[in-house]
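Below is one structure, written out as structure tokens, with a few remarks after it.
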Amino acid sequence: STLVTTSSATKALALNSILALGFGGFLLAAVGDWYKARIKLRDGADTLVTSGPFRYFRHPNYTGEIIGWTASCLLLPVLELVFGLLTNSSSWINTSKRLIPWILVSGLGWFGICFGVLAGEATAGLEKIQKEKYGGTPEYEHWMKTSWSGPMLSPRSNTPAATDPAATQ
């Protein structure tokens, strides 16, 4: 069996990249929450926050959490592949057998957090609330055109389809 070798610099880069991505994501989430609370305390609870991180991300807290949880989900496989498989004589098959249950459970949790909650009901729900509250104002319309919602699943529509003749009456 041939061992795959790599330099310690490459191993460190792989690990540090995942850690930096996770830290950066959770930091974006925390700064988003802090900034929004600070602005609403200063300007009032009904203020639409469009500055700071909200200038670029409509939901920096949700976007940051998705980035952070994604990095967390990738951490175990990266650790095992970089430090386990590459530094000992275990075969890819044995390593895969050890990793598969952890990857499945981690992936299921990641999917539930990121798509079931954050990119699903949380982001889509907040988009709907903001549109109802601020929609039509110049500040809101400009913000919608110049910022990114982050990962978001399309909200489910409870309205009849536009092609339904009864829906137009």
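The values are calculated or read from the model by the stated rules, or taken from the named source; none is laboratory data. Quick caveat: nothing in here was measured; it's all calculated off a predicted structure. Neighbour counts run over all protein chains shown; Cβ positions are idealised from the backbone, glycine included. Side chains are part of the model used for accessible areas, which takes the heavy atoms of the whole protein and leaves out ligands, DNA and RNA. Shrake-Rupley method; radii C 1.70, N 1.55, O 1.52, S 1.80 Å.
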Practice task
Can you tell me the FRET efficiency between Thr10 and Ser96 if r is taken as the Cβ-Cβ distance and R0 is 22 Å, rounded to the nearest 0.05?
Solution key: 0.55
Practice task
Starting from the Cα gyration tensor of segment 100-153, take the square roots of the eigenvalues, sort them a ≥ b ≥ c, and report rounded, prolate or oblate (rounded when a/c is under 1.5, otherwise prolate if a/b is larger than b/c, else oblate).
Solution key: prolate
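When a/c reaches 1.5 or more, the comparison of a/b and b/c decides; with that in mind, is segment 1-68 rounded, prolate or oblate per its Cα gyration tensor? Intermediate values should be presented prior to the final figure.
Values: a/c = 5.03, a/b = 4.35, b/c = 1.16.
Since a/c reaches 1.5 and a/b is larger than b/c, the shape of segment 1-68 is classed as prolate.
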Practice task
Give me the number: length gained by fully extending Ala124 to Ser154, i.e. 0.36 nm times residue separation minus the C-alpha to C-alpha distance, one decimal in nm.
Solution key: 10.1 nm
Exercise for the section: Report the extension gain between Glu132 and Leu48 in nm, rounded to one decimal, defined as 0.36 nm multiplied by the number of residues separating them, less their alpha carbon distance. Expected result: 29.0 nm
Practice task
With a 1.4 Å probe and all protein chains in place, put Arg58, Arg98, Arg42 in order of accessible area, largest first.
Solution key: Arg42, Arg98, Arg58
Problem - Proximal lysines relative to Lys40, as straight alpha-carbon distance under 21 Å, when same-chain residues fewer than 8 apart are discounted - result: Lys128, Lys131, Lys133
Handout entry: 5 angstrom amide H check on Phe57, placed H, neighbours 5+ away
Key = Trp148
Handout entry: Karplus-derived 3J(HN,Hα), 6.51/-1.76/1.60, for each residue of segment 25-38, Hz, glycine and proline x
Key = x, 5, 5, 4, 4, 5, 5, x, 5, 4, 5, 4, 4, 4
Handout entry: Set of lysines near Lys97 by C-alpha distance (under 26 Å), chain-local residues within fewer than 8 positions excluded
Key = Lys11
Handout entry: Centroid-to-centroid separation of segment 114-151 and segment 4-59 [C-alpha atoms, Å]
Key = 18 Å
